[in-house]
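Input: a single structure, listed below in structure tokens.
The values are calculated or read from the model by the stated rules, or taken from the named source; none is laboratory data. Note that the coordinates shown come from a computational prediction; the quantities given were computed from them, not determined experimentally. Here the Cβ positions follow ideal geometry from the backbone for every residue, glycine too, while neighbour counts run over all protein chains shown. The area values use the complete protein model at the heavy-atom level, side chains included, leaving out ligands, DNA and RNA. Shrake-Rupley method; radii C 1.70, N 1.55, O 1.52, S 1.80 Å.
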Amino acid sequence: MTTSAVNSPRDENVLSDYDMALSLLENNPPENRLDIPMSYSQYLQLEESWSKIKSAKDISEDQRYPYLSYNSVFHIATVVTVPRDLHEVAASELRHEIMNSVVEYLIVHKPDAIGTIVDSGSVKEKIQDGSYRHSRKQSDAVFKYTSTGFGPAVMVAIEVGYSESYAGLCRDKNLWLDGRHVKVCILVCFKESPRFRNPRRLYENVDAEEEIEKMTLRANENMQSSYGPISYRSHKWLGELKEGFIEVWRHDGAVRYPLIESGQQCDPLPTNIGLRIQDFYPPEAWQAANIPDGNILIDGDVFMKFMKSAMVATAVGRFSDFVSP
């Protein structure tokens, strides 16, 4: 995703930033993130304009992308357009790995608690207290505890992005930890090098269906023993994943778990990323649960296999959009 500068704009740039945000919302071009300084009153105007566009175009409120959020501490509005598989698979597969481990743990220690911890691919939050009052946020994935007298409460959040948007991810992380008071926020970050750009000239006399089929075969061949790049017709449709990591943040700091370093898969890949079953419970509910604490594990090898498939799908999606817009 691309991230705009976060410096305060000159007054004459406010309108152009506003129009750029509205254009991204209306057109939803893939793989864009725009962070722009904006007062809360300006944000409300942008939100109202976007609401009118959605109504006029009959866009469902349940549609995940594009989405508009606001950080009231930094006074930054963020537009995120529809992502590619690389982003979505990272969030969904990590979420599934974690949820499977949670269920396996409860089967052994407290079967009747299955269903009290639920996962979600996306949650839209309005924060109404503290310094983050007026903030709006949509997650990539969350885990909620929901039970009579205790919930629902968001306990763990997941945010995914590229190295270029790491500063934005950290602002998102702070919002979850300090504004929404989750116990854990997990960041998943990848560095694609070089970052993708479309070719400057359109292809002429192209059979799009045939070219997409050929490109898909080439992409799968490229991914047999590497993490990119994926090239076709002398153009890189996916750069090499030079770096990848999972960061697990708590209120007292973070631990980073490398996945890819210098373009090479780490060996061994992480299985224990420091999550405990207690992280998924509010304090009072955890005391009432009366079960032993224990590790929640992931299968790093399985996760990275899904990421390779997502890389192929991302490259093919980019190429497909270019030859058959």
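Cross-link pairs exceeding 29 Å between alpha carbons, from the set LYS57/LYS137; LYS191/LYS214; LYS57/LYS191; LYS54/LYS137: LYS57/LYS191. In the context of the full set of protein chains, the chain has a per residue accessible area of 48 Å² (1.4 Å probe).
Cα-based values for the stretch 149-261, radius of gyration first and Dmax second, are 19.3, 64 Å. The calculated FRET efficiency for the pair LYS124 and ASN205, based on their C-beta separation and a Förster distance of 41 Å, comes to about 0.35. In the assembled protein chains, ASP17 presents an accessible area of approximately 30 Å² (probe radius 1.4 Å). Between the stretch 247-284 and the stretch 147-204, the C-alpha centres lie 15 angstrom from each other. Here the chain is assigned +1 on the Cβ of each Lys and Arg and -1 on the Cβ of each Asp and Glu. Its dipole about the Cα centre then comes out at about 420 debye. Carbon-plus-sulfur accessible fraction, the stretch 117-159 (probe radius 1.4 Å, protein heavy atoms only): 48%.
Packing, as the average of other Cβ atoms within 10 Å across residues, places the peptides 214-226, 89-101 in the order 89-101, 214-226, highest first. Rounded to the nearest Hz, the phi-derived 3J(HN,Hα) couplings of the stretch 173-180 under the Karplus curve 6.51 cos²θ - 1.76 cosθ + 1.60 (θ = phi - 60°) are 4, 5, 4, 5, 6, 9, x, 9, where x marks glycine and proline.
Taking other residues whose beta carbon is less than 11 angstrom from the beta carbon of PHE245, and scoring Lys, Arg as +1 and Asp, Glu as -1, yields -1. Model label sites at HIS251 and SER225, defined 7 Å from Cα along the beta-carbon direction, differ in position by 5.0 nm. Summarising the label geometry, the points placed 7 Å from Cα in the beta-carbon direction at GLU48 and ARG197 lie 4.0 nm from one another. Computed extension gain for ASN100 through GLU261, at 0.36 nm per residue and net of the alpha carbon distance, reaches 55.2 nm.
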